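This is the structure, below, for whatever I ask next.
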Amino acid sequence: MRGFKFLIVFFLLILFSCNIEENQVSFDHIDMCTFDLRESHIDPTTKPNATIIDWPRWKNGQTIKIKFLDGDSNAREKVKKYAAEWTKYANLSFVYVSATEYADIRIGFQLGQPGAWSELGMESTYGTPDHQSMRLGPLTSYSEASVRRTVLHEFGHALGLVHETLNPSASIQWNLPKVYKYYSDLQGWSKEEVDEFVINKSKSTNYSEYDPLSIMHYYINPALTTDGKGVNEMTDLSIIDASSINKWYPFPIRSVIESGERIDYIPWTHPIKSSNNKFILQFISGILSVKELDTDNIMWQEGNSLYSNFASCYLQSDGNLVIKGRPSGINAAEKLTWISNTGEYPGAQLYLQDDGNLELIYNGVVKWSSKIGKTE
Ligand SMILES: [Zn+2]
């Protein structure tokens, strides 16, 4: 059944896929990824016990093996450089192996059906050992911005993301007669195909809100909408791209702040959370707070938002938790805006507990907590 489905996909690709090389002038401004042509013919219900957004995921923390089926070292290095951007936000590792080894993702540049496309998520692992799972096109003939966009976009598919234009909450005001004519002229698509690949919304989405800045969004010519609003091509991950992939592939939860650690330096990709994933410690605009994730309720906070310039927050090595900052204005002096007054506990650590309580622990004993302050 699987092989039969691939044959259908293959046949449809031959019929309908675009050709970047032969239509360089038109497609240079469109980068029409032909991923939809593959994806739209894969029936997600064939995977039991999983939802549509669950089944293509890689295992969180997985090392994904990647190999190239063609291409020179210049093109390969560009892929490695730009694809690595995703792993800043996703708890995944990319390892590039030689052509003779097993690889989860198998990339061709000039090989395979024209255009740029990728299998969706773990679909990449299916097929024979040398079955191509991604095509990037002849990158060396693209502008650097186009290379970056193409690599980031196709790796987005390879990590499980679909086109953002399909987001059910997207509010694109299509001028349908123009859209049908445009894609008929450009791609030779029928009305039904334009509906399927461009117009119709997906039944589910990776994102909770529509994100026109997503790297997974198509370019939309403003002449194709009734309100004259288009969408530019993106060359970088949007904030929602980064936070969404981080939610899909989160880094391990960390609940402890070590003695001497700067809390304002902790990146949002590796947040301090309670081990039950219900509470998060955050330092924003001079305020240190514990927030309940489900409700967004602030359970506790200290600091002063009027001193948010160059604001910092430390667990000092003497045991004091301190918040400092400056008011706005040139040459404004730094001020201590809050301190826990626990300097008699050098080497103490902070724990964010499962009930949302932030506790300073010294030699195994709680000496201060966000709920009751100093304990003695
Ligand atoms: Zn695409």
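The values are calculated or read from the model by the stated rules, or taken from the named source; none is laboratory data. As the structure is a prediction and not an experimental result, all values here were calculated from the model. Please note: Cβ atoms are built from the backbone with ideal geometry, for glycine as well, and neighbour counts cover all protein chains shown.
Within segment 315-344, which residues are surrounded by 18 or more Cβ atoms within 10 Å (Cβ to Cβ) and not in a loop (DSSP other than H, G, I, E, B)?
315, 321, 322, 323, 324, 325, 326, 337, 338
Assuming residue 76 fulfils every condition listed in (1) within 17 Å of residue 248 (Cβ to Cβ); (2) surrounded by 16 or more Cβ atoms within 10 Å (Cβ to Cβ) apart from one, which condition is it?
Residue 76 satisfies every listed condition except (1).
This table checks each residue for (1) of a type outside the set (Phe, Trp, Tyr); (2) touching a Lys or Arg at 6+ places or on another chain (Cβ under 8 Å).
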site	(1), (2)
218	no, no
221	yes, no
224	yes, yes
237	yes, no
240	yes, no
263	yes, no
266	yes, no
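When you scan segment 216-311 for strands (runs of 3 or more DSSP E) that lie fully inside it, which ones turn up with 3 or more residues that are of a type outside the set (A, V, I, L, M, F, W, C)?
Strands (runs of 3 or more DSSP E) meeting the threshold: 287-292, 298-303.
When you check residue 241 against the structure, is it within 14 Å of the chain's Cα centre (by Cα), away from the ligand (no atom under 14 Å from the Cβ) and not small (Gly, Ala, Ser), yes or no?
no
Would you say residue 189 is closer than 27 Å to residue 238 by Cβ and out of contact with any Gly (no Cβ under 6 Å at 6 or more places or on another chain)?
In short, no.
Considering only segment 99-156, state which residues are of a type outside the set (D, E, K, R), at pLDDT 90 or above, assigned to a loop (DSSP other than H, G, I, E, B) and out of contact with any Ser or Thr (no Cβ under 8 Å at 6 or more places or on another chain).
99, 100, 102, 103, 109, 110, 111, 131, 132
Of everything in segment 147-203 that's under 18 Å from residue 86 (Cβ atoms) and surrounded by fewer than 21 Cβ atoms within 10 Å (Cβ to Cβ), which residue is farthest from the ligand (Cβ to nearest atom)?
Once the filter is applied, the top-ranked residue is 148.
Inside segment 248-280, can you point out the residues that are surrounded by fewer than 16 Cβ atoms within 10 Å (Cβ to Cβ), modelled with pLDDT under 95 and under 21 Å from residue 325 (Cβ atoms)?
Correct list: 265, 267, 268.
Out of the residues in segment 80-125 meeting the condition of being more than 16 Å from the ligand (Cβ to nearest atom) and β-branched (Val, Ile, Thr), tell me which one is surrounded by the fewest Cβ atoms within 10 Å (Cβ to Cβ).
100
Related question: If you check residue 136 against the conditions, is it within 16 Å of the ligand (Cβ to nearest atom) and of a type in the set (A, V, I, L, M, F, W, C)?
Criteria met by residue 136.
Are there any pairs with C-beta distances below 8 angstrom linking a residue in segment 154-165 that is under 14 Å from residue 247 (Cα atoms) to a residue that is of a type in the set (S, T, N, Q) and more than 7 Å from the ligand (Cβ to nearest atom), with the two at least 6 apart or on different chains, and if so which?
Cβ pairs passing all conditions: 160/206; 161/206; 161/244.
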